[in-house]
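The values are calculated or read from the model by the stated rules, or taken from the named source; none is laboratory data. This one's a predicted model, so the numbers in the text were calculated from it and none came from an experiment. Every residue, glycine as well, gets a Cβ built from its backbone with ideal geometry; the counts of neighbours run over all protein chains shown. With ligands, DNA and RNA removed, areas are computed over all heavy atoms of the protein, side chains included. Shrake-Rupley method; radii C 1.70, N 1.55, O 1.52, S 1.80 Å.
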Amino acid sequence: MEISIVIPALNASETISQQLSALAEQSWQEEYEVIVVDNGSNDQTVDVIQSYNSSIKNLKVIEAKAKRGAGYARNIGAEQACGDFLLFCDADDVVDSRWVEEMVIALKKYSFVCSRLNFSRLNNQTIQNSRYCIQQNGVIQNDNPPYFTHAATSGLGVRKELHESVGGFDESFYTCEDADYCWRIQLAGVSLYFVESALVHYRFRETIQDTCKQALRWGIDSTKLYRKHQALGMPKISIRKGLGRWLFLIKNVHALCNEDKRGKWLWKFYMSLGRLIGYIKYKVIAI
């Protein structure tokens, strides 16, 4: 088989059926395998996956319980993949019916590709208004400091030999492993290509509390990420821009009284707080 789809899963029984149903109904007619890597679920995730054995011809469930982390689970899945092309997606999202086909077409021309994200199908309007909807018109830009682009692992495609050449995902990251992966591949001289026709329906966290926890974790891990890549040539973080974020938060604190604006303000606050914690924890020196 030419294509292997790798999905990390942890307690995903409530969402993974939507993703597997989408993968069972792809427009791509040639064979492909779907590898779901169970990262230590204690719910009915494995039972739900196995219920798709008849509708997905080459469906595998692999255990990866030695450590927690999507990067670790993806590496385990990639190691056992038969395909020359690796497609990564997530257990809580839903790929479009032409996703596999469009990704494979792109991978026949480019070595590293990413999908377009859509937020309207899996999130109500209130959640959409209170979140940042990224990767709809292109790859994610990094502005502080300016550096390579990246994309979410909810829809990445890569040639297996390229994945192996960079050592896969850095398993020391619990979040931000997608940015690190994209940056290291680009440091190796391979560009990230945006496939507009390859659509993934992305699911946000449903509660503000879960969103704040996610933002805090990303803020901390992003600082760890910066420290790693500063040693690889990344410019130093601008403390002026960092202070500008805090000034923005202070000036716009009234957003907490607006339901549509509250989520975005809290996201920025907890991301900034996470970075501040990370600066101390990882001894990052900004300029």
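Applying 1/(1 + (r/R0)^6) with R0 = 22 Å to the Cβ-Cβ distance of Leu187 and Glu164 gives a FRET efficiency near 0.90.
Annotation: amide H-H contacts under 5 Å for Val95 (H modelled 1.01 Å from N, sequence separation of 5 or more, or interchain): His201. Bridgeable aspartates and glutamates around Lys281 (alpha carbons under 17 Å apart, same-chain partners fewer than 8 residues away excluded): Asp221.
At q = 0.10, 0.17, 0.20, 0.21 Å⁻¹, work out log10 I(q)/I(0) for region 75-196 with the Debye formula, treating every Cα as an identical point scatterer and leaving solvent out; two decimals please. Debye intensities relative to I(0), on a log10 scale: -0.31, -0.90, -1.23, -1.34.
Derived value for region 85-157: Kirkwood hydrodynamic radius 13.6 Å. Basis is the mean of 1/r over every pair of different alpha-carbon atoms. Taking a sphere under 13 Å around the Cβ of Lys108 and counting the other residues whose Cβ falls inside, with K and R at +1 and D and E at -1, yields a net charge of -3. Evaluating 6.51 cos²θ - 1.76 cosθ + 1.60 at θ = phi - 60° for every residue in region 47-60, the Karplus couplings come out as 4, 5, 4, 5, 5, 9, 4, 7, 9, 10, 4, 10, 9, 10 Hz, glycine and proline recorded as x.
Would you list which aspartates and glutamates come within 18 Å of Lys261, measuring only between C-alpha atoms, while excluding same-chain residues fewer than 8 positions from it? Once the sequence-local aspartates and glutamates are set aside, what remains near Lys261 is Glu206, Asp210.
For region 1-141, the C-alpha radius of gyration sits at 1.05 times the compact-globule guess of 2.2 N^0.38 Å, with N the residue count. Think of the chain as having a plus end and a minus end, set by charges on the Cβ of Lys, Arg, Asp and Glu; of Ala70, Asn258, Trp99, Asn258 sits farthest toward the positive end of this dipole.
Computed from the Cβ-Cβ distance with R0 of 25 Å, the FRET efficiency linking Lys241 to Gln136 stands at 0.60. Asp260 contributes an accessible area of around 70 Å² to the protein surface, as traced by a 1.4 Å probe with all chains present. Across region 112-129, coupling constants 3J(HN,Hα) worked out from phi with the 6.51/-1.76/1.60 Karplus curve, θ = phi - 60°, read 8, 9, 9, 9, 8, 9, 10, 10, 7, 6, 9, 9, 6, 4, 5, 5, 4, 5 Hz, and Gly and Pro carry x. For the chain, hydrophobic long helices are taken as DSSP H runs at least 30 Å long by C-alpha position along their axis with mean Kyte-Doolittle hydropathy of -1.0 or more; these are 259-281. Express in % the proportion of alpha carbon pairs of region 122-189 at distances exceeding 17 Å. Value for region 122-189: 52 percent of Cα pairs lie more than 17 Å apart.
For the chain, the normalised intensity computed at q = 0.10, 0.12, 0.13 Å⁻¹ comes to -0.54, -0.78, -0.92 (log10 of I(q)/I(0), Debye sum over alpha carbons, equal scatterers, no solvent). Using a Gaussian network model of the chain in which every pair of alpha carbons under 10 angstrom is joined by a spring, one finds that among Arg240, Arg203, Arg159 the greatest mean-square fluctuation is at Arg240. Of all the options Leu216, Leu107, Leu273, the one that moves most in a Gaussian network model of the chain with Cα springs shorter than 10 angstrom is Leu273. Along the Cα-to-C-beta direction of Ile62, a point sits 7 Å from the Cα; which residues of region 85-120 have their amide N less than 16 Å from that point? Within reach of a label on Ile62, which here means backbone N under 16 Å from a point 7 Å along Cα→Cβ, region 85-120 contributes 85-91. Ellipticity at 222 nm from helices only: DSSP H runs of n ≥ 4 in the chain, each -39500 (n - 2.57), divided by the residue count, give -12500 deg cm²/dmol. Amide H to amide H distances under 5 Å link Leu59 with Val34, where only residues 5 or more positions off or on other chains count and H is placed in the peptide plane. In this structure, the amide hydrogen of Ala198, modeled 1.01 Å from its nitrogen in the peptide plane, lies closer than 5 angstrom to those of Arg116, counting only residues at least 5 positions away or on a different chain. With a Förster radius of 51 Å applied to the C-beta separation of Asn42 and His254, the computed FRET efficiency comes to 0.75.
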